[in-house]
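Chemist: This is the structure I have questions about; it appears just below.
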Amino acid sequence: MVRSLCFFVLLPVVLSQVQQGPIGAGQIPDDLLKSPESHSHLFHGDIKLTPAQELNMERYGNPYGTPLGRAASSVDKERWPNAVIPYEFDCSIANMESAITSVKRAMAEWEAKTCIRFKPKTTETAFLQFFRGQGCWGHVGHTANYMSQISIGDNCDFHHVMTHEIGHSVGFWHEQSRPDRDNSIQVLWENVLPGLEDAFAKRSWGTEVIDYGSKYDFASIMHYPFTAFSKNGKPTIRAIADMQGKTPYVELSPDDAMQTNAMYKCDAVMRKRMADDFEANFKPLPRIVKRSNTCSDKSANCQSYKDSGLCNAHADSLIYWCPVTCDMCSSDSCMDKKGNCKAWVAGGHCQTNPEALKIDCPYSCNFCGNPTTQAPVITQAPVTVLPTTKHNCGTVGPTTQAPNTPPPPTQAPTPEPPTALPPTAQPPTPSQAVGLRCADKRSKCPTYAQQGECVKSGWVFRNCLISCKAKCDTQPLKPDGDCANALGLGWDFTLPDSAFTSSSTLTPGGGWSAPAHSARLYFEDDRNRKLIGGWCMTARDNNQWLKIDLGKEKKITGIATQGRDVFYEHVEKYELEFSRDGSSWTKYPKVFNGNCDHFTPVLNRFNTQVARYVRVLPYNLPNQYAWPCMRVELYGC
């Protein structure tokens, strides 16, 4: 059964290392006082089922409709083809430095330990999208023609959290949900938050545990921390087997990597990639090869190329890069000068065309060390011209240019194939304002920064913008041009609270509220007054409105909007109405584009309107779990 996941549940899950030392939200007591997050519907705590998986759960009691029994999903179609995961960053996180950094570090860890590779999405119809959502969760595995997602909610922008969520996308369920888990752990149900029991449900589908030979892994990144989903801070999981000093949910463990490499048949995948690299990068154009009499390897990867069978498959390139390792020379004075030599020997060319082969293939043809048959000394290195073929499979016989003929220009050596994928391009950044006020909110921020926590902890990054040298605003957004002054809603908050009214006010619980006067650009959660950073409405119909009284008539030329502070709720489109007396309203003839993320200010300019009152009308609100929220600044004179 799919359960509802509340904001406070995620705190112990997001930070597994409360007892191990790294800084994070779970260790900061006042983070428990943050404003409530909206709910989300998840499976086993942080897994989002596809519609087909939900249907199978209802019909068969498992997501696949057939008995399965391993922590790593055993459905081949859920493997990403060729172990490559196309991905994109949704606009809701494209400007979030901490989120992008944590994802890229997690990707790098998966790539370093497995054959999984990530590439920016182009035309793929099945891909992985990272976005700002409710909590930390992800889909399991690959689904054809389907956009899999990973949600990076509040306090999810940690390296190890993203490594865990990417693990779901790779194809893993939770380690503590294995059918054989009762031999290793005990769930302390009395400490589990009510309604979250299914986060600890043991998988009922399948009876055998295959797991590619891996025993229960306490070090797995897919294992929940021992205080996950605790209602009282006490452990919810207790080990009953020897943990051997291991700690869960910290990094990709050796067994995680082993299972991944077995799941994706990484040995075969890497051999194919090696061959494809040669095919793409080692093909000389035009087919002209010039060799010196120096026999030495020029690549550090020669042994792996040889082990992959490339000495024969790509001999025309390896003769340059790896002649020693590929056994293409016997000494600096007697060496083959063509990668096709072994094929020509097999074809009898040493006997039918000995003069040419003495020059091109003395070692393979056994012409070395025989003064009577050694090729004549010439003053100019011979140049062998090969017919251009698609793959140059080594079946074309040698043709040697006469020694006294000037050699044609020689193609530069083909570059060695790259050993790693190029770095992912950085996401776009806002051109005028970031939307985050520069501040260090904790006295220990300089210490955290010196300890390297800025790149490890999203919480530290957000609360220590100055010490972490983050992109942030030292002054408010200011549009260009005349009559474009901020009218007092945001930044310094000079417009009184009484100037704001609204159609509805969200009160999510715990004494928190999101009234109209919270709709101020740059306004953050006020924990003392329990005010949410932003106005949030209680309904998603087109009858919601926010009204601002500027105190007197002014010329109004622009508006900037943000979403809710901390969480991801925002308004994507809205309309504007203007009034001089507060009774007669004129609607501006345009639907304005609002926000995609919750913090980057979006500025809209319009023809000058003379008014005292302004109404913002959220437009065509989507039917979603989130509450529509916004913060506003008006500009004019």
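The values are calculated or read from the model by the stated rules, or taken from the named source; none is laboratory data. Here the structure is a predicted model, which is why all the values come from computation and not from measurement. All Cβ positions, glycine included, derive from the backbone under ideal geometry; neighbour counts span all protein chains shown.
Chemist: Scanning the stretch 150-183 for residues that are of a type in the set (D, E, K, R) and over 20 Å from Arg238 (Cα atoms), which turns out modelled with the highest pLDDT? It would help to see each step written out before you state the result.
Modeler: Step one: list which residues in the stretch 150-183 are of a type in the set (D, E, K, R), which gives 154, 157, 165, 175, 178, 180-182.
With over 20 Å from Arg238 (Cα atoms) added as a condition, the list becomes 154, 157, 165.
Details: Asp154: 88, Asp157: 92, Glu165: 97.
Checking each candidate, the answer is Glu165.
Chemist: Return the residues of the stretch 46-66 that are in contact with a helix residue (DSSP H, G or I) (Cβ under 9 Å, 6 or more places away or on another chain) and either surrounded by 13 or more Cβ atoms within 10 Å (Cβ to Cβ) or modelled with pLDDT of 85 or more (or both); say none if nothing qualifies.
Modeler: Looking only at the stretch 46-66, we keep the residues that are in contact with a helix residue (DSSP H, G or I) (Cβ under 9 Å, 6 or more places away or on another chain), and these are 46-49, 62-66.
Result: Asp46, Ile47, Lys48, Leu49, Asn62, Pro63, Tyr64, Gly65.
Chemist: Filter the stretch 113-142 for residues that are farther than 14 Å from Pro86 by Cα and in a strand (DSSP E or B) and give the result.
Modeler: Hits for the stretch 113-142 are Phe131, Cys136, Trp137, Gly138.
Chemist: Sticking with this one: Just to be sure before I move on: is Trp110 of a type in the set (Phe, Trp, Tyr) and either outside any strand (DSSP E or B) or within 12 Å of the chain's Cα centre (by Cα) (or both) in the structure I sent?
Modeler: Details: of a type in the set (Phe, Trp, Tyr): yes; either outside any strand (DSSP E or B) or within 12 Å of the chain's Cα centre (by Cα) (or both): yes.
Taking the combined requirement at face value, the residue satisfies it.
Chemist: Which one is surrounded by the fewest Cβ atoms within 10 Å (Cβ to Cβ), of the residues in the stretch 144-201 that are of a type in the set (S, T, N, Q) and more than 14 Å from the chain's Cα centre (by Cα)? Please lay out each step first, then the result.
Modeler: Initial filter on the stretch 144-201 (of a type in the set (S, T, N, Q)): 145, 148-149, 151, 155, 163, 169, 176-177, 183-184, 186, 191.
Checking which are more than 14 Å from the chain's Cα centre (by Cα) leaves us with 145, 155, 176-177, 183-184, 186, 191.
Values: Asn145: 7, Asn155: 26, Gln176: 27, Ser177: 20, Asn183: 11, Ser184: 20, Gln186: 12, Asn191: 17.
Among residues in the stretch 144-201 that are of a type in the set (S, T, N, Q) and more than 14 Å from the chain's Cα centre (by Cα), the one surrounded by the fewest Cβ atoms within 10 Å (Cβ to Cβ) is Asn145.
Chemist: Please go through the stretch 536-573 and give me each residue that is assigned to a loop (DSSP other than H, G, I, E, B) and within 24 Å of Val434 (Cα to Cα), ordered by number. Don't jump to the end; show me each part of the working.
Modeler: In the first step, residues of the stretch 536-573 are kept if they are assigned to a loop (DSSP other than H, G, I, E, B); the result is 537-545, 563-572.
The answer is Gly563, Arg564, Asp565, Val566, Phe567, Tyr568, Glu569, His570, Val571, Glu572.
Chemist: Considering only residues of the stretch 213-251 that are of a type in the set (A, V, I, L, M) and in a loop (DSSP other than H, G, I, E, B), which is surrounded by the most Cβ atoms within 10 Å (Cβ to Cβ)?
Modeler: Going residue by residue through the stretch 213-251, those that are of a type in the set (A, V, I, L, M) are 219, 221-222, 228, 237, 239-241, 243, 250.
Retained after the next criterion (residues that are in a loop (DSSP other than H, G, I, E, B)): 219, 221-222, 228, 240-241, 243, 250.
Working: Ala219: 20, Ile221: 26, Met222: 26, Ala228: 28, Ile240: 10, Ala241: 11, Met243: 14, Val250: 20.
Among residues in the stretch 213-251 that are of a type in the set (A, V, I, L, M) and in a loop (DSSP other than H, G, I, E, B), the one surrounded by the most Cβ atoms within 10 Å (Cβ to Cβ) is Ala228.
Chemist: Taking only pairs six or more apart or across chains, which ones have beta-carbon atoms under 6 Å, a first residue in the stretch 131-146 that is polar (S, T, N, Q), and a second residue that is at pLDDT below 90?
Modeler: Gln134/Ser38; Gln134/Ser40
Chemist: Something else: Look through the stretch 467-503, keep the residues that are over 20 Å from Gln432 (Cβ atoms) and surrounded by 15 or more Cβ atoms within 10 Å (Cβ to Cβ), and return whichever of them is nearest to the chain's Cα centre (by Cα).
Modeler: Only one residue fits best here, namely Cys468.
Chemist: Restricting the search to the stretch 579-637, which residues are hydroxyl-bearing (Ser, Thr, Tyr) and part of a loop (DSSP other than H, G, I, E, B)?
Modeler: Keep residues of the stretch 579-637 that are hydroxyl-bearing (Ser, Thr, Tyr), which gives 579, 583-584, 586, 588, 600, 608, 613, 619, 625, 635.
The answer is Ser583, Ser584, Tyr588, Thr600, Tyr619, Tyr625.
Chemist: Those residues that are part of a helix (DSSP H, G or I), under 33 Å from the mean Cα position of the chain (by Cα) and crowded, with 19+ Cβ neighbours inside 10 Å, I need them from the stretch 298-314; list them, please.
Modeler: As a first pass, look at the stretch 298-314 and keep what is part of a helix (DSSP H, G or I): 302-307, 310-313.
Okay, now just the ones that are also under 33 Å from the mean Cα position of the chain (by Cα), so 302-305, 307, 310.
Once the filter is applied, which keeps residues that are part of a helix (DSSP H, G or I), under 33 Å from the mean Cα position of the chain (by Cα) and crowded, with 19+ Cβ neighbours inside 10 Å, the stretch 298-314 yields Cys302, Tyr305, Leu310.
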